[in-house]
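Working notes, beginning with the structure itself.
The values are calculated or read from the model by the stated rules, or taken from the named source; none is laboratory data. Note that the structure is a prediction, hence the values are computed from the model and not measured. Here Cβ is always computed from backbone atoms with ideal geometry, including for glycine, and neighbour counts include all displayed protein chains. Please note that ligands, DNA and RNA were not included when accessible areas were found on the heavy atoms of the full protein model with its side chains. Shrake-Rupley method; radii C 1.70, N 1.55, O 1.52, S 1.80 Å.
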Amino acid sequence: MLKSKTKWNFTYKDTDADEGMTGLAGVSDLTSQLLQRRGITEEDKAARFLQPSMKDFYDPYLLDGMKESIARVQSAIEQGEHILVYGDYDADGVSSTTVMIEALKKAGAICDYYIPNRFTEGYGPNEAAFLQAAEDGFSVIITVDNGIAGTHEAEVAKQVGIDLIITDHHEVQETLPDAFSIIHPKTSREYPFKELAGVGVAFKFAHALLGEIPTYLLDMVAIGTIADLVPLKDENRSLVYLGLKALNQSNRVGLRALKEVCGIDGEIEEETIGFTIGPRVNAVGRLQDASPAVDLFLTNDAAEAGHLAGFINELNQERQKIVTQIAKEAEELLLSGEQPLNEVIVVAKENWNPGVLGIVASKLVRQFDRPAIVLGIDPEQGYAKGSARSIDAFDLFQNCMEVRDQFIHFGGHAQAAGMTLCIENIDEVRKQLCEKAQEKLSEDDYQQVLSIEMSLDMSDVTIQQIQEINKLRPFGMGNPKPLFHFKEKPKELRLIGSRQNHLKLLFKKEQSKLEGIAFGMGDLYTRISPASELEVVGELGINEWNGRKNVQVMVKDLKVPTWQLFDYRGSKHLEKKLEFPADQNVMALTFTGEKSAPHGLRVIRVEDIENYLHTAPLHGLVLLDLPEKLTELSSSVQRLAPDNIYACYQVENSAFFTSWPTRDHFKWFYGMLMKRKSFDLKNDREKLSLKKGWNVGMIDFISQVFFELGFVKIKDGLLTVETNPQQKDLAESLVYQERKEQLSVEQALYYSTYKELKDWFEQQRKPVKEEVLNGL
């Protein structure tokens, strides 16, 4: 047995396959079922989902504040006023800044941009920057991807005569800034879709300002929307779908340079942004001022673009090293007990780079299955600054807003947030958030959930089927890549990767073949018996190599639902095979009391089993030697009921390879003694062995049985016949019984095939039915 690491939520019913949508041209039953899982059951909605177009874009003037904002900007353009775009340092902020600057310039504005430094200024508007903008002659500031929490800065802008236009998408807090205007989907009652990214809001502004849809900006919209992890539903889906097409046709010099340094060859998909482009754009603002990322997308100079792209790629490599180091330190602080590993992780240390702490928090959430806040302490300033990530069941924004008085600055979403607080408040924030988690969360809430859309037979998985699934792209938040469930025995299971930390699986069934990759699951290799049937949950894809295409499942989780037998009989290298996680209850069983187990495993004697029957469930039972009788092992297995059995015994002085004498062998040997009256074991045994072809051990065994039954005397190796012996059956001899039992034990437990041994244990695991006697 091997339990899954996550909770599997089967989102379908067995009858779903018969209730698919019909009548929609070009839509298969599979696509229909997947659309149904997403709540799409009407043909017009299905058509819009599968074939997004610019017709799906909503009127930008449905956003509150848009009309007066456009009028103010147009007035500024006519009057020659200077406009400052105030951006943010993440990928959404960088792309938002690029979109707004390009739209303003096309409209004829005199404009520039400003992105605050994450380390010296922090997120969002700040008073010093606004005062400097006024001094530099800017009369209009347009925030992108920030500003909704800038109540104080809005007052500062009014005092210095700057008209502040806020465009944002972050969660609205208790008090709205008193700005010239606010453009925000969640403050706009008439706007149908509330989940635009910051770049999506900037794009709506550009649409309104230019009087037409600026398709040349869609490449930036795709980058910011995907990188910011907003739901790819409704208008976002259309923006990203068309944005990806624009990306692949884009002549943007900076984008082409970035593709080159990233080694992107071929079509850009949502994963390309999520795992390659997005992290590099984010890396700039994580380590320094984010302006080079904006400059990269704005430049028309190929040489400059090449230089900037190379610089950004180097920053990303540095960022990866920093993340690895901080994540290691945070893990050590928690596992050592130096900082508490509670319901909500709050871990802090001096000199941690605040720019990468969101990534570290994400790693901790995945590792420990609980919300995590990671803070870098600045002892000179007296505050801690960092980021938080959460599990699905714990709304970070809502819960942190309930302790808002503990923070100097706070903002974010349900699953991600950033904050600054005084050092002395760290313990109190941890205490209060843990109390809220205790109140609101159950034990199940801490386990990651995988929502499974369908169970498939391996033989049904084809390239054509995967191409059908891909009609639902782009995948992302709100439209996850479908997860499928399989049951199959792997034909091959091996470790791959330079650190041997990934699993490669191969399933074969009739003419079908399905490859599987389980990244980061190499630790499960020794916990899966090669003959076990696996249940696998994963994403389907196509692996192309040397011009050949094969279907592939990217494994997200797996389990073995039944007990497993690990066949290590006769192995002399058990140290490498018997490796168990610290949380596994595993014991080794000996029938002789003379065995030790590798890795310091607890060894118990068979006679002491009674002391372990009421302890925690037994995950593994390691059998170190063979019992004298099969019933001893049968009883032990029934009583301990282990999840897995490890057969690690060897055989010495095997009875199996000593010929087992038949009754005719005994009869002939006794007749020979009657004729000769005596038999010298030392001198005559070898001669008899050569003459009859009998094993020497068999001759000794027959002699011992006859001696025990009183048929012969043995003195100094000389056998002589007893006169008038009692008539006895061979089975009355204990030597005969023990050797027969030993042979049965060896045949059943050592010289059997894997299947025979598994079947034997299967029978022993079945509970014994008690007889009913006199009503008891």
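Work out, in µm²/s and without decimals, the Stokes-Einstein translational diffusion coefficient of the stretch 163-213 at 37 °C, 0.692 mPa s, Rh from Kirkwood over C-alpha pairs. Walk me through the numbers on the way to the answer.
Details: Rh = 11.7 Å.
Estimated diffusion coefficient is 281 µm²/s.
Net charge within 15 Å of SER336 by Cβ-Cβ distance, Lys/Arg positive one each and Asp/Glu negative one each, not counting SER336 itself? It would help to have the intermediate numbers written out before the result.
Working: positive: LYS328, LYS349; negative: GLU329, GLU331, GLU332, GLU338.
Combined, the nearby Lys, Arg, Asp and Glu give -2.
What does the helix-only formula give at 222 nm for the chain: each DSSP H stretch with n ≥ 4 adding -39500 (n - 2.57), the total divided by the residues, and the result rounded to the nearest 500 deg cm²/dmol? Intermediate results must be reported in sequence, preceding the final value.
Details: 24 runs with 289 residues, N = 776.
Estimated from H runs of four or more residues: -11500 deg cm²/dmol.
Across the stretch 407-423, in residue order, what do the Karplus-derived ³J(HN,Hα) couplings come to in whole Hz, using 6.51 cos²θ - 1.76 cosθ + 1.60 with θ = phi - 60° and x for Gly and Pro?
9, 7, 9, 7, x, x, 10, 5, 10, 8, 7, x, 7, 10, 8, 5, 4
How are the alpha carbon pair distances in the stretch 300-457 distributed across 5 Å bins from zero to the largest one, expressed in percent?
Each 5 Å bin holds this share of Cα pairs: 2, 9, 17, 19, 18, 12, 8, 6, 5, 3, 1, 0, 0.
Counting only residues 5 or more places away or on other chains, whose amide H sits under 5 Å from the amide H of PHE566 once H atoms are built in the peptide plane?
ILE645, TYR646, ALA647
Hey, what do the phi angles of the stretch 184-197 turn into as Karplus ³J(HN,Hα) couplings, whole Hz, using 6.51/-1.76/1.60 and θ = phi - 60°, x for Gly and Pro?
Ordered by residue, 3J(HN,Hα) equals 8, x, 7, 9, 10, 5, 7, 7, x, 10, 9, 10, 4, 6 Hz.
In degrees from 0 to 90, rounded to the nearest 10, what is the angle of the helix 91-106 Cα long axis to the longest principal axis of the chain?
30
Which entry is the computed volume of the Cα convex hull per residue in Å³ for this structure: [x] 193; [y] 246; [z] 332?
So the structure-derived entry is [y].
Please compute the per residue accessible area over the stretch 478-570 with all protein chains in place, 1.4 Å probe, rounded to a whole number of Å².
Values: 4500 Å² over 93 residues.
In whole numbers, the stretch 478-570 has 48 Å² accessible per residue.
Starting from the alpha-carbon convex hull of the stretch 76-224, give the projected area averaged over all orientations, in nm². Write down the numbers at each step before the final one.
Details: hull surface 34.0 nm².
That works out to 8.5 nm², a quarter of the Cα hull's surface.
In whole percent, how big is the carbon plus sulfur part of the accessible area of the stretch 660-776, probe 1.4 Å, protein atoms only? It would help to have the intermediate numbers written out before the result.
Numbers: 3970 of 7900 Å².
After summing per-atom areas, the C and S share lands at 50 percent.
Placing +1 on the Cβ of each Lys and Arg and -1 on the Cβ of each Asp and Glu in the chain, which of GLY93, ASN546, LEU613 has its Cα farthest towards the positive end of the resulting dipole?
The Cα lying farthest towards the positive end belongs to LEU613.
Mind ordering 227-234, 604-611 by average Cβ neighbours within 10 Å, highest first?
On the way: 227-234: 20.5, 604-611: 13.0.
Per-residue Cβ counts within 10 Å, averaged per peptide and sorted highest first, yield 227-234, 604-611.
Pairing the Cα long axis of helix 357-368 with the longest principal axis of the chain, what angle in degrees results, from 0 to 90 and rounded to the nearest 10?
Result, in degrees: 30.
Any chance you could check the Cα centroid distance between the stretch 60-139 and the stretch 154-225 for me, in angstrom?
Distance between centres, Cα-based: 11 Å.
Near PHE701, within a Cβ-to-Cβ distance under 13 Å, what is the net charge of the other residues, with Lys and Arg +1 and Asp and Glu -1?
Values: positive: ARG685, ARG739, LYS740; negative: ASP700, GLU708, GLU738.
Summing Lys and Arg as +1 and Asp and Glu as -1 gives 0.
Taking only protein heavy atoms and a 1.4 Å probe, what accessible area per residue, in Å², does the stretch 309-369 have with all protein chains in place? Can you show the working numbers first?
Numbers: 2830 Å² over 61 residues.
Per residue, the stretch 309-369 has 46 Å² of solvent-accessible surface.
Quote the FRET efficiency, to the nearest 0.05, computed for LYS740 versus LYS106 with a Förster distance R0 of 60 Å and r equal to the Cβ-Cβ distance.
On the way: r = 96 Å, r/R0 = 1.60.
Efficiency computed from Cβ-Cβ geometry: 0.05.
Going by alpha carbons, how many degrees (0 to 90, nearest 10) lie between the helix axis of 426-440 and the longest principal axis of the chain?
Long axis of 426-440 versus the principal axis of the chain: about 70 degrees.
Could you look at the stretch 309-444 and say what percent of its accessible area is carbon and sulfur, using a 1.4 Å probe and all protein chains? Display every interim value, and only then the final one.
Numbers: 2700 of 6180 Å².
Heavy-atom surface of the stretch 309-444 belonging to carbon and sulfur, 1.4 Å probe: 44 percent.
Give me the distance between the Cα centres of the stretch 521-544 and the stretch 670-722, rounded to whole Å.
59
Using Cα-Cα distances under 8 Å and only pairs 6 or more residues apart, what relative contact order does the chain have, in percent?
Details: 1399 pairs, mean separation 70.4, N = 776.
Computed over the chain, the figure is 9 percent.
In the stretch 200-281, carbon and sulfur make up what percent of the accessible area (probe 1.4 Å)? Let's see the in-between values first.
Details: 1300 of 2880 Å².
Carbon-and-sulfur percentage of accessible area, whole number: 45.
What is the stretch 111-157's relative contact order, in percent, from Cα pairs under 8 angstrom and six or more apart in sequence? The partial results should precede the final answer.
Working: 25 pairs, mean separation 20.9, N = 47.
Result for the stretch 111-157 is 44 percent.
Among ALA154, GLN447, LEU63, whose Cα sits farthest toward the positive end of the charge dipole of the chain (+1 at Cβ of Lys/Arg, -1 at Cβ of Asp/Glu, about the Cα centre)?
GLN447
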